[in-house]
Amino acid sequence: MEIETLTKDRGLQERLSLALQRSQGYFMRTQAPQGYWAGELESNVTITAEYLLLRRFLGVPLPERERQIANYIRSHQRPDGTWAIWYGGPGDLSTTIEAYLALKVAGISPEADFMRKAREFILARGGIPRARVFTKIWLALFGQFPWKGVPAMPPEVVLLPNWFYLNIYEFACWARGTVVPMLVILHKKPRCTLPMDIQELYPQPLPHDAFAMPRRQRWASWKSFFLALDRAFRAYDKLPWKPGRSAALRRAEGWIVEHQEADGSWGGIQPPWVYSLLALKLRGYPMDHPVMVKGLQGFEAFAIDEGDSWHHQSCVSPVWDTALAVIALADSGLSPDHPALQRSARWLLQEQIMAGGDWQVKNPRTPPGGWAFEFENDLYPDVDDVAEVVIALKKVSLPEREALEEAIERGVVWSVSMQSRNGGWGAFDMDNNKGPLAQIPFADFGEFLDPPSADVTAHMLEMLGRLGYPLTYRPSARGLSYLKKEQEADGAWFGRWGVNYIYGTWSAMLALKAAGEDMGQEYIRRAAAWLKARHNPDGGWGESCDSYKNPSLRGQGPSTASQTAWAIMGLLAAEGPSPEVLRGIRYLMDTQREDGTWEEPYFTGTGFPGDFMINYHLYRNYFPLMALGQFQRALP
């Protein structure tokens with residue numbers, strides 16, 4: 001009844017048209033001359049705190065920049081004195097320790113009230129001894145934590161052949177790019193002297209295990225095996241003669257240099273970047289070496305300078321943002337030959353990667369043809385971006401049609417070839433799923449593996465469906481089988497790269513619709529019912545990042561524009577316009593601002609589930625536009 005009312009209500013129709021026009025206008029105003037969009041990728045303050053510490057370690061501090069960074073860090077402190085990993089999340093011990101250290105290095109007095117609050121929280125949580133491993137490594141670099149309390153890993157690991165169970169290519173690409181320079185750092189165990197210390201962050205008296213590695217709990221477990229291996233590594237490191245050590249260090253150094261991107265980064269992300277510069281410094285590279293110069297200069301392109309505040313993004317997302325903005329604009333009624341879409345398509349075509357990369361270790365016979373997330377990350381194209389770019393390009397009409405179709409075909413061939421043995425797709429590598437490696441002592445934060453996920457697999461299935469591949473096409477059939485197996489008992493799908501079950505369920509529903517599945521099947525109706533049951537009283541949908549740590553919170557949280565849009569599109573795919581969809585549309589129209597945008601402080605993107613969360617500042621804008629456009633097209 002409500003849908004029938006909407007089709008006859010000119011006032012509501014006009015509101016919908018106005019909302020679409022406003023949102024389209026925002027994207028027309030903000031498109032770069034080259035044709036791309038790139039919104040801020042917001043994470044947590046450790047990214048910027050570690051940049052300050054990196055420059056101090058390298059011996060090239062910038063006093064004015066440190067003042068700006070201190071202002072940025074302070075502006076993100078919560079009233080209880082802590083810093084969180086995501087907006088509205090709980091105070092995080094390691095994040096608060098790194099923020100405190102950076103502020104003190106920048107000259108902030110520990111007697112300041114906000115520093116006292118942070119210190120009280122840190123001590124109440126057990127202090128530095130209870131921090132995560134990578135925080136302890138940063139502290140050890142500055143003599144604030146003993147190296148003996150950090151996991152060991154000899155540089156010789158880099159010499160292990162690719163067929164060996166434990167080799168660097170069995171780690172996810174982001175972990176691989178971090179582990180290789182870390183091998184150099186752990187070998188050298190350097191100490192940079194500071195004019196201050198943070199000993200006040202240690203509890204008194206010190207617990208007996210303050211600097212000890214965890215004890216083995218069960219002999220027959222991978223965690224116990226790797227802890228025993230850690231002890232063996234330490235014993236080996238004490239030997240006077242270590243065959244292969246020099247060769248391993250040279251190999252690691254060469255690997256690091258070979259993996260620097262054109263913009264100076266490593267992997268287009270912060271962790272491998274900072275550790276690679278630290279490792280090369282320890283290998284004797286002077287600060288005027290071209291690799292070091294390019295590496296430090298590259299940070300500026302990832303920075304946001306707001307005059308009195310400066311912070312660094314962990315990554316940039318122009319390819320991802322541009323593909324999704326194109327899809328949203330096309331879905332909202334923009335003509336396929338609109339100049340804005342054509343500019344974006346031409347820019348995306350230029351960004352296609354025609355060179356090899358680490359993915360070839362397990363997939364050597366496939367020609368390149370993928371897209372990466374960032375401006376420069378040629379070694380690591382990813383399946384998720386390829387799927388969205390191909391969907392976007394199919395929505396654009398270009399005079400150079402042959403070039404467009406060739407690029408799409410190359411992207412399809414590359415991404416299909418990255419399918420794992422279980423039928424799913426991971427983001428950067430195929431069959432990157434050796435679970436025991438996630439038990440190494442370093443792995444107390446983030447993800448060390450890149451196994452197939454429901455959302456990436458769904459995007460691939462959607463891409464193939466939109467291109468006309470039937471479900472009898474073997475990769476599609478295998479992908480569908482994997483997706484069905486990944487469905488939760490309550491009907492939802494887990495979201496690896498977006499928060500969380502709303503994201504995963506939306507991705508699956510769009511894929512199933514595009515692939516040609518009968519949407520009346522019980523398992524799809526169960527998913528639709530799950531989405532409806534998570535509808536908030538205000539008409540929107542929301543899910544907190546807390547659902548990664550506490551699955552009982554799945555689908556629960558304050559309403560957001562992006563998550564509301566995902567739920568609307570999922571339900572539209574499952575059953576078309578419904579009263580729940582209409583209430584979601586009204587929520588989006590009611591909360592849209594005059595300039596065509598939406599406000600969304602909550603983090604709805606995922607780096608490492610529950611450990612590293614992301615607020616993509618354009619999610620709040622192109623996903624609602626996409627949902628409004630799809631709803632308008634779905635009306636009778």
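Data table
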read-out	value
Filtered residue count, region 148-190, keeping only those that are assigned to a loop (DSSP other than H, G, I, E, B), more than 16 Å from Pro271 (Cα to Cα) and at pLDDT below 95	13
For Leu278: the one exception among (1) surrounded by fewer than 20 Cβ atoms within 10 Å (Cβ to Cβ); (2) in contact (Cβ under 8 Å) with a residue 12 or more places away in the chain; (3) among the aliphatic types (A, V, I, L, M)	(1)
Scope region 9-39; condition touching a Leu at 6+ places or on another chain (Cβ under 6 Å) and part of a loop (DSSP other than H, G, I, E, B); matching residues	Gly39
Subset tally (residues that are surrounded by fewer than 24 Cβ atoms within 10 Å (Cβ to Cβ) and either assigned to a helix (DSSP H, G or I) or among the hydrophobic types (A, V, I, L, M, F, W, C) (or both)) for region 588-617	6
Any hit, region 41-62, residues being modelled with pLDDT of 95 or more, under 23 Å from the mean Cα position of the chain (by Cα) and surrounded by fewer than 20 Cβ atoms within 10 Å (Cβ to Cβ)	no
Exclusive hit being aromatic (Phe, Trp, Tyr), farther than 24 Å from Thr597 by Cβ and outside the structural domain of Ala627 (by TED's automatic domain parsing), set Trp347, Trp320, Trp273	Trp273
Breaking point among (1) in a helix (DSSP H, G or I); (2) surrounded by fewer than 17 Cβ atoms within 10 Å (Cβ to Cβ); (3) among the acidic types (Asp, Glu), for Asp455	(2)
Candidates Ile391, Ile408, filtered to the one that is in contact (Cβ under 8 Å) with a residue 12 or more places away in the chain, out of contact with any Leu (no Cβ under 8 Å at 6 or more places or on another chain) and of a type in the set (Val, Ile, Thr)	Ile391
Single unsatisfied condition, Arg474 versus (1) in the same structural domain as Leu635 (by TED's automatic domain parsing); (2) within 22 Å of Val456 (Cβ to Cβ)	(1)
Region 415-464 - residue that is over 11 Å from Ala172 (Cα atoms) and aromatic (Phe, Trp, Tyr) and, of those, farthest from the chain's Cα centre (by Cα)	Phe442
Members of region 158-181 that are crowded, with 20+ Cβ neighbours inside 10 Å and within 18 Å of Ala247 (Cβ to Cβ)	Val158, Ile168, Val179, Val180, Pro181
Listing of helices (runs of 4 or more DSSP H) fully contained in region 40-109 that carry 2 or more residues being closer than 21 Å to Val133 by Cα and not aliphatic (A, V, I, L, M)	46-58, 93-105
Selection from region 51-109 of residues that are hydroxyl-bearing (Ser, Thr, Tyr) and over 14 Å from Trp138 (Cβ atoms)	Tyr72, Ser75, Thr82, Tyr87, Ser109
Residue in region 307-317 that is more than 26 Å from Gln260 (Cα to Cα), β-branched (Val, Ile, Thr) and either crowded, with 20+ Cβ neighbours inside 10 Å or modelled with pLDDT of 95 or more (or both) present	no
Selection within region 490-508 - among the aliphatic types (A, V, I, L, M) and either under 20 Å from Gly610 (Cα atoms) or assigned by TED's automatic domain parsing to the domain that holds Ala529 (or both)	Ala492, Val499, Ile502
Output for region 458-505, where each listed residue is assigned to a loop (DSSP other than H, G, I, E, B), within 20 Å of Ala527 (Cα to Cα) and aliphatic (A, V, I, L, M)	Ala489, Ala492, Val499
Matching residues in region 398-437 - criterion: being surrounded by 19 or more Cβ atoms within 10 Å (Cβ to Cβ) and small (Gly, Ala, Ser)	Ala407, Gly411, Ser415, Ser420, Gly423, Gly424, Gly426, Ala427
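The values are calculated or read from the model by the stated rules, or taken from the named source; none is laboratory data. The structure displayed is predicted, hence computed values, not measured ones. A quick note on method: Cβ atoms are made from the backbone with ideal geometry, for glycine too, and the neighbour counts reach across all protein chains shown.
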